[in-house]
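Okay, so here's the structure we're looking at.
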Amino acid sequence: MDINIRKAVIHNVSDNDQAQLRDTIVDAIQRGEEKLLPGLGVLFEVIWQHADEQEKSNMLETLEQGLKH
C-alpha cells in the first residue's frame, strides 16, 4: 500500500480557512501524538515553499530561539 502523506494532508486541508488551519495546527500540537507530526511537517513544507527570504529568516530565528528554551 503506497500512501502519499503530502497529498493526503494537502487534500484534507485545502479548503480550510485560516481559522480552521489554526485549529488543525493547535490541535495537533496539543495532542502531542507522534502520528500527527508528519502532517505538521507537510504544513511547514508548504509554508516554507511559499515564504520569501525574509520570512524564512524570521522562521529560522524563531526556531533557533525556541530550541534554546
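Please treat every number below as a calculation from the coordinates, not as lab data. Keep in mind that what you see is a predicted model, and the values were worked out from it rather than measured. Cβ: placed from backbone, ideal geometry, glycine included. Neighbour counts: every protein chain shown.
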Angle between the chain longest axis and helix 53-67 axis [Cα atoms, degrees, rounded to 10]: 90 degrees
Phi-based couplings in Hz for the range 3-10 (Karplus 6.51, -1.76, 1.60; Gly and Pro marked x): 10, 9, 4, 4, 4, 5, 5, 4
Proximal lysines relative to LYS7, as straight alpha-carbon distance under 18 Å, when same-chain residues fewer than 8 apart are discounted: LYS35
HIS11 paired with ILE25, simple spin-label distance in nm, labels 7 Å along Cα-to-beta-carbon: 2.4 nm
Per residue convex hull volume, Cα atoms of the chain, in Å³: 120 Å³
On Cα atoms only, tilt of 18-31 relative to the major axis of the chain in degrees: 90 degrees
Cβ-based net charge around GLN30, under 13 Å, with every Lys or Arg adding one and every Asp or Glu removing one: -1
Candidate lysines - alpha carbon under 23 Å from LYS68, same-chain residues fewer than 8 apart omitted: LYS56
